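In what follows, a structure is listed as C-alpha cells, so that the remarks can point back to it.
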C-alpha cells in the first residue's frame, strides 16, 4: 500500500523531471545561441566544421591506408566532440545555472541532463549528415550503424559521468576547471581518435586498452569499417567505468547541491 | 512473518530474567521488525537476493569444470626468430604511419583461426562426439550444452575452448574446459592433433608450390633443347651439309687459292709476253688456264651468293644464316636448361628449409582440481555490479522524488 504510493510519487516525479529537462534544453539553447535562426545552425556547424577540417588535414598529410584518412578522422572527431563538448562545458554549468536552483523543481542533475542531451543530439545529427555526405561522395556506407550509434551513446554516458565529477570538483576547488580543460586536451592523442589498437606495438596496446575511450573508439570503427581490421574492445569494461563515474558523480552532485544552496 | 514473531526466543528469555520490563510488548517488536524490514527493503530485493541466488547456484548446483591446458609454437625453419623479431619491430615503427602489420607469423594466426572455426569443431566432433562430452550426466543444466546445431555448437565450443596467442613470445595457449578431467585432456589432444595435421598440410602445400614452379621451368627448358636439336638435325638432312660454317670456310679458302692461281698465271703471261711472240702456242696454254680460272671463280661466286633461277638449290649465304640461327638457338636452350636445373636445385633446398612445424611445449594435462566455474569472482562481481547499479538507481529515484515532493 505504502509501496504503491511511493511508486506513484516517483513516477509523477519522473514525469515532472522530464518536463523540467525539456524546458532546460530550450533555455540552454536560448542562452547559448540567442534567438536567431542562425544561432541554432552553429550547434551543428561547430562539430561539422572541426570534423571536416581535421579530416582534410589528415587526408592531405597521411599516407593512404585501407580506410581513407578523411573518413577515419572526420567521423572519429565527431565522437571525440561529444566527449569534449560535454566535459568542457561541465565546469561552467553550476555557475551559469545557479540562479535556476532557487526554483524548487530544478535540481542540479537536470541542468546536466539537459546540456548533455543537446550535445548528444547535435553530434548525432552531424554524424548522420557526415555519413550521408560520405555516401553521396564516394558511396561508402558504414557496415553496422547500430554499433556506431551504440558507441555514441557509450561516449555520451561516459562523458556524463566524468562531467558530474568535473562539476563537483570545480565547485569544491576554485580554479580546477583549468585542470579539466588541460586533461581534455591531453586525452586527445590518447583517446583512440588517431589510431587503431591493431596498429600499436603490443606493449603500447596493452596500455591503451586501459583507457575506456579507446574501447569506445574501437567500437565506432568496428561499426564503420568492421571487416577491414580486427577490433579489440571490452564493453563490460566501459560499462564499469560508466557505472562507477555515475555513482560517484551523482553522489558528489548531491553534496555540491547542499554547499551551493548555502551561499 | 507472523510465525517468526511468535517463535522469537528473546521474549521468553527476557520474560524469565526480567519480568517487570516485559509487561509491555511494544519494546520487543523493534528487534524482530529489524530483519523483517530488512528483507523487504529494495536493497535486499535488488542486490542481496540476486547475489544469494547466484551464490547458491555456484556453490551448490554448478558442476565442477576441469581445465586441460596445452601450449605450442608454430615455427618455420625458413624465417628464423631474428627475422621475425625484426619484422615485428618494423610493424611497430610504422604503426603510427597507418600501415598495419600482423605481429605474429601468418602460420600461427591461421592455426589460431582454425582452432576456433566450425571446421575444427566438426573435425573434433567426428573423432570425439562433442555433444555427449558436454552433456555428461554430472553437468548442471545451466552450464551444459543446449543446442546441437553445428553453428550453436561452435558458439558453445568457443566458450569452453579458448586459444590465445602471446605475440611477444609467439606461444599459443590452448585452454579446454569440460566436466571430466579425461574429457578435457582428450579434447585438447584431439585439437592439437588436428592443428598438427593442418600445419603439415600447409607445409606440404607450400613446399609443392615452390617445387612446382621450378619443375615447370625445367620442363620448358628441356622442351626447348629438344626442339633446337631436332631443328638442327632436320636442317642437316635437308641441306646435306654437316657444318655450314665449315663449308663456308672451305669455300673462302678455295676462292683464295683460285684467286692466287689466277694472279700467278696472269703474272706468268705478262712475263712471257716480254720475250715471246704473242701467237706463240706456249702462250696459248697460259691463256687457256687464265680463262679456266676466271670461269671457275665466277662459278664459285655465283654458287655461294646468288639464288639460282630454279629456286631449289640453297645458296651458301642463306644456308649459313639459318645454320647460325639454329646454332644460337641451341646454345640458348642449353644455357636455359642449365639455369633451370640450378634453380630447381635451389628450390629443392628452399623447400627443405620451408618446413612449418608445430612443436608442443606443454602437453595437455589431466586436471585434478576443478578451476572452473570461478565461484568467488563471479559472485563478487555480481554483488559489486548490482550494488553500484542500485546506488545509481537510488540517486536517480531520489532526484525524481525531489521534483514531486
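The values are calculated or read from the model by the stated rules, or taken from the named source; none is laboratory data. Please read these numbers as outputs of a predicted model, since none were measured by experiment. We place every Cβ from the backbone using ideal geometry, glycine too, and count neighbours over all the protein chains shown.
Considering the conditions (1) in a helix (DSSP H, G or I); (2) over 30 Å from residue A:106 (Cα atoms); (3) within 14 Å of chain B (Cβ to nearest Cβ); (4) at pLDDT below 90, residue A:187 is excluded by exactly one of them, (3). For the residues A:45, A:80, the requirement of being within 29 Å of residue A:134 (Cα to Cα), away from chain B (no Cβ under 14 Å) and either touching a strand residue (DSSP E or B) at 6+ places or on another chain (Cβ under 9 Å) or surrounded by 22 or more Cβ atoms within 10 Å (Cβ to Cβ) (or both) singles out A:80. In the set (1) surrounded by fewer than 15 Cβ atoms within 10 Å (Cβ to Cβ); (2) over 23 Å from residue A:198 (Cβ atoms); (3) within 12 Å of chain B (Cβ to nearest Cβ), the condition left unmet by residue A:246 is number (1).
For the stretch B:267-284, the set of residues classified as assigned to a helix (DSSP H, G or I) and exposed (fewer than 14 other Cβ atoms within 10 Å of the Cβ) consists of B:267, B:270, B:271, B:273, B:274, B:275, B:281, B:282, B:284, listed by residue number. Within the stretch B:166-175, one or more residues are closer than 18 Å to residue B:364 by Cα and in contact with a helix residue (DSSP H, G or I) (Cβ under 7 Å, 6 or more places away or on another chain).
What about residue B:194, is it assigned by TED's automatic domain parsing to the domain that holds residue B:129, assigned to a helix (DSSP H, G or I) and touching a helix residue (DSSP H, G or I) at 6+ places or on another chain (Cβ under 6 Å)? In short, yes.
Of all the criteria given as (1) in a helix (DSSP H, G or I); (2) at the interface with another protein chain (Cβ under 9 Å from one of its Cβ atoms), the one not satisfied by residue A:194 is (1). With respect to the conditions (1) surrounded by fewer than 16 Cβ atoms within 10 Å (Cβ to Cβ); (2) over 30 Å from residue B:213 (Cβ atoms); (3) without any contact (Cβ under 8 Å) to a residue 40 or more places away in the chain, residue B:388 lacks only one, and its number is (1). In the set (1) over 21 Å from residue A:153 (Cα atoms); (2) more than 17 Å from the chain's Cα centre (by Cα); (3) more than 13 Å from chain B (Cβ to nearest Cβ), residue A:205 fails one condition alone, (3).
Annotation for the stretch A:56-67: no member residue is within 22 Å of residue A:97 (Cα to Cα), surrounded by 12 or more Cβ atoms within 10 Å (Cβ to Cβ) and away from every other protein chain (no Cβ under 14 Å).
Within the stretch B:374-390, does at least one residue satisfy the condition of being away from chain A (no Cβ under 14 Å) and under 30 Å from residue B:170 (Cβ atoms)? Yes - at least one qualifying residue is present in the stretch B:374-390.
Based on what the data block shows, is residue A:71 more than 18 Å from the chain's Cα centre (by Cα) and either at pLDDT 85 or above or part of a helix (DSSP H, G or I) (or both)? Criteria met by residue A:71. Given the conditions (1) touching a residue at least 24 places away in the same chain (Cβ under 8 Å); (2) assigned to a helix (DSSP H, G or I); (3) surrounded by fewer than 15 Cβ atoms within 10 Å (Cβ to Cβ), and given that residue B:360 satisfies all but one, which numbered condition is not satisfied? The single condition residue B:360 does not satisfy is (2).
Quick grid of which residues meet (1) over 30 Å from residue B:301 (Cβ atoms); (2) touching a residue at least 60 places away in the same chain (Cβ under 8 Å):
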| site | (1), (2) |
| --- | --- |
| B:319 | no, yes |
| B:329 | no, yes |
| B:333 | yes, yes |
| B:343 | yes, yes |
| B:353 | yes, yes |
| B:364 | yes, yes |
| B:376 | yes, no |
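What number of residues in the stretch A:105-163 are away from every other protein chain (no Cβ under 14 Å), in contact (Cβ under 8 Å) with a residue 12 or more places away in the chain and in a loop (DSSP other than H, G, I, E, B)? Looking only at that region, the number is 4.
Within the stretch A:203-215, does at least one residue satisfy the condition of being in a loop (DSSP other than H, G, I, E, B) and within 19 Å of residue A:107 (Cα to Cα)? Among the residues of the stretch A:203-215, not one is in a loop (DSSP other than H, G, I, E, B) and within 19 Å of residue A:107 (Cα to Cα), which makes the answer no. In the stretch A:224-243, of all residues being crowded, with 18+ Cβ neighbours inside 10 Å, assigned to a loop (DSSP other than H, G, I, E, B) and touching a helix residue (DSSP H, G or I) at 6+ places or on another chain (Cβ under 6 Å), the one that is farthest from the other protein chains (Cβ to nearest Cβ) corresponds to A:233. Against the condition within 14 Å of another protein chain (Cβ to nearest Cβ), touching a residue at least 40 places away in the same chain (Cβ under 8 Å), over 18 Å from residue A:119 (Cβ atoms) and touching a helix residue (DSSP H, G or I) at 6+ places or on another chain (Cβ under 6 Å), how does residue A:16 come out, does it pass? Criteria met by residue A:16.
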